[in-house]
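Down below is the structure, laid out as structure tokens.
The values are calculated or read from the model by the stated rules, or taken from the named source; none is laboratory data. In this text the structure is predicted, and so the values were computed from the model without any measurement. Methodologically, a virtual Cβ is constructed for each residue, glycine included, from the backbone with ideal geometry; neighbour enumeration extends over all protein chains shown. The accessibility values were calculated without ligands, DNA or RNA, using every heavy atom of the protein model including side chains. Shrake-Rupley method; radii C 1.70, N 1.55, O 1.52, S 1.80 Å.
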Amino acid sequence: MRILLVDDSKTMRNIQKAVLAQLGHTDVLEACDGQDALSKAPAFKPELMLVDWNMPNMDGLTFVKTWRQQNKSTPIIMVTTEAEKSRVIEAIKAGVNNYVVKPFTPDLLSQRIQETLQRAAAQAAAQPAPTAA
Amino acid sequence: MDAMYIKPFIASISNVFSTMMQLPVKVGEPFVKPGEGPSSDVSGIIGMSGDVIGSVVLSFSNPTAENIVALFCGQKYAAGSPDFADAIGELVNMVSGGAKALFKDRKVSISCPSVVLGANHIVAKQSDVPTVVIPCVTDCGTVNIEVSIKDTRAAAANAAGAAAKA
Ligand SMILES: [Mg+2]
């Protein structure tokens, strides 16, 4: 499964990559901000995205809003220090499927990834196949 | 500065250090920093804007910062390497983000982190806001949180109150 990992902190990307690897996901492409993600995502065709909020150049919320204009279905998990309820609501409205607040334990992130993928699979099974992703 | 702006930082650093590094934090008595004295060797800095403005600094000695970064990253990085600075930046990001979520009824945005290295450097702050230092003792050494923030809504309310009295 192709996973796009978007965070301006390399440390944070390494921590999340380790969790993904434990789940057996090694086809991971990294991006360091929203702009970088926007330039990489169309060719990579991610099947899951983990997106930070606070990043230089283009923040994660703007990236999600922009991506959702062209792709409604890619499951997106926001992984961020933004913990206020109002922020979570803002992110969900923008099209985020799940939300993880930093700091997190590897177990929690792992759980959210699995539940997000399960929900996406269930939704895809329930709906007729879209003509274009 | 109101205790309502100190407690969130204590709760947040304890949460960040225990969750990411299983590192317990013992918090000492916060104090007001006398003058604009030098910080330690390493400063991770975040700016706050919105209803609360100012800066938050995580201040470490080199050995303490190296110990904590090693725990956070699972490997040692020398102070001054890009990976080291990145880890310090993400720590202050998490501590500040967690703290501002605990501010009551205040909408606050945080900046991307910057990291300053070098013995006894000075992080210049707004002159009209006192800096409160929160000493955080860990097995890796002591980390100081330097909080220099101002509640713009409270300041506006105070000004309005003073104007009404005059
Ligand atoms: Mg970030």
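Below, the figures for the structure above:
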item	result
Qualifying residues in segment A:37-64 (those that are within 14 Å of chain B (Cβ to nearest Cβ) and not in a loop (DSSP other than H, G, I, E, B)) - the one most open to solvent (accessible area, probe 1.4 Å)	A:Thr62
Close pairs (9 angstrom Cβ cut-off, 6 or more residues apart or separate chains): on the phi > 0 side of the Ramachandran plot in segment A:35-62, basic (Lys, Arg) and open to solvent by 40 Å² or more (accessible area, probe 1.4 Å) anywhere	A:Lys45/A:Arg2
Qualifying position, being modelled with pLDDT of 95 or more and farther than 25 Å from A:Thr11 by Cα, among B:Val133, B:Val137	B:Val133
Within segment B:81-105, tally of residues that are assigned to a loop (DSSP other than H, G, I, E, B) and open to solvent by 50 Å² or more (accessible area, probe 1.4 Å)	3
Near pairs, Cβ below 9 angstrom, 6+ apart or cross-chain, from segment B:103-130 (at the interface with another protein chain (Cβ under 9 Å from one of its Cβ atoms)) to any residue that is assigned to a loop (DSSP other than H, G, I, E, B) and of a type in the set (S, T, N, Q)	B:Ser109/A:Asn54; B:Ile110/A:Asn54; B:Ile110/A:Thr81; B:Ser111/A:Asn54; B:Cys112/A:Asn54; B:Pro113/A:Ser9; B:Pro113/A:Asn54
Pairs with Cβ under 6 Å, 6+ apart, first in segment A:6-19 and within 10 Å of the ligand (Cβ to nearest atom), second of a type in the set (Lys, Arg)	A:Asp7/A:Arg13
Per-region count, segment B:115-149, residues open to solvent by less than 60 Å² (accessible area, probe 1.4 Å) and in a strand (DSSP E or B)	16
